[in-house]
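The values are calculated or read from the model by the stated rules, or taken from the named source; none is laboratory data. All figures in this text were calculated on a predicted structure; none of them were measured in a lab. Here the Cβ positions follow ideal geometry from the backbone for every residue, glycine too, while neighbour counts run over all protein chains shown.
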Amino acid sequence: MLVVMRVGADNAEVEHVMDRIREFGNTPVLAAGTERVCIGMLGDERGINPDEILMMSGVDRVVPILAPYKLASRDFQPTDTIVQVGDQAIGGKDVVFMAGPCSVESRAQTMELAAMLHELGVRIFRGGAFKPRTSPYAFQGMGESGLQILADVREKYGMAIVTEVMGTEEVGLVAQYADMLQIGTRNMQNYRLLEAVGQQPKPVLLKRGMSSTLEELLLAAEYILSQGNRNVVVCERGIRTFERATRYTFDVNAIPMLKLLTHLPVVADPSHGTGRWDLVVPISRAAVAAGADGLIVEVHQRPEEALSDGAQSLRPDRCATLIEELRRVSRAIGRDVAQVPVAARG
Ligand code: PEP
Ligand code: MN
């Protein structure tokens, strides 16, 4: 439920409503970005009598939030959330482009690729140091030494870093190095992990579980939001279907649907969504045309030598072409690819 206060309702009236919500055993939260004060209620609402709240001084309306997620819903917050990562605003007017290798494989590979992507104007660098691999015998990532390399990329090129955290015990460590923490598809419903990233201040990139519905994705986001971290970006990265021609099926419907359901920024991962480098460009175009606020793309200077996900990694020259194409698609829908700030050029 959302309590919409009258225009001009005073602090005492707002406090009084919040106290009453607490007496009902719920947690009141002030909703941001609306003309007047709105108070959301978190918790089990069955014991609450909306008529009683409606009669309280200063209350205009009591509106039900029909979705099972509250803080993540557009009913709770009609205006778009903008998540600031480094110098990029995800969820704002322009489309934010994030790129990097699937895995941090070595200092030389990572620094060389970072230099190339910096040249292309990329401002958010991705790369996994802790890798969730299907086989326990596959490359598992460099761990903390990989995080250190990512920190060096930020230091040298001023790019912000997004990297995956796989377990609750690693949240503090990864948060020391990263600008945005990635929760991978396999962990989207790891609720203790979601709570842990919700209790630290860095933004979170939450990838859709490969077999999850949009409602399950937004309930996973709700776990993070309800712990106090409001900087959550949700990511469509492909789902499991009967189709085997591609690694996953990129669900383009998810993008405009999520934009209707939630105020959180929505980004697309066409690399995992297709599993093929030669589909990354067309699916990126489709994602931006469908309203994605950003893209996260895997790039490798020698994809054939990559320790993970080489088949879906673009070479840097193709990444340059992709950015140009995205600029054209973005402009066709009244947006642009987010500009590199003047201070960061060079
Ligand atoms: C990744 O980003 O490299 C990754 C493992 O993604 P996902 O969790 O979507 O498979
Ligand atoms: Mn990958």
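Here are some notes:
- Screening 280, 267 for residues that are within 16 Å of ligand 2 (Cβ to nearest atom), in contact (Cβ under 8 Å) with a residue 40 or more places away in the chain and assigned to a helix (DSSP H, G or I) leaves exactly one candidate, 280.
- Residue list for the range 95-106, filter: within 16 Å of ligand 2 (Cβ to nearest atom) and out of contact with any Phe, Trp or Tyr (no Cβ under 6 Å at 6 or more places or on another chain): 98, 99, 101, 102, 103, 104, 105
- Of all the listed residues (92, 25), the sole one being out of contact with any Gly (no Cβ under 9 Å at 6 or more places or on another chain), assigned to a loop (DSSP other than H, G, I, E, B) and either more than 16 Å from ligand 2 (Cβ to nearest atom) or of a type outside the set (Gly, Ala, Ser) (or both) is 92.
- Elements of type strands (runs of 3 or more DSSP E) contained in the range 160-212, each with 1 or more residues being among the hydroxyl-bearing types (Ser, Thr, Tyr): 160-164
- Residue among 288, 267 that alone is away from ligand 1 (no atom under 16 Å from the Cβ) and in the same structural domain as residue 95 (by TED's automatic domain parsing): 288
- The residues on offer are 236, 170, and the sole one that is within 16 Å of ligand 2 (Cβ to nearest atom), in the same structural domain as residue 258 (by TED's automatic domain parsing) and among the acidic types (Asp, Glu) is 236.
- Residue check for residue 273: under 23 Å from residue 132 (Cβ atoms) and within 13 Å of ligand 1 (Cβ to nearest atom): yes
- Verdict on residue 260 being farther than 29 Å from residue 158 by Cα and surrounded by fewer than 17 Cβ atoms within 10 Å (Cβ to Cβ): yes
- Of residues in the range 292-309 being under 24 Å from the mean Cα position of the chain (by Cα) and under 13 Å from residue 113 (Cβ atoms), the one nearest to ligand 2 (Cβ to nearest atom): 298
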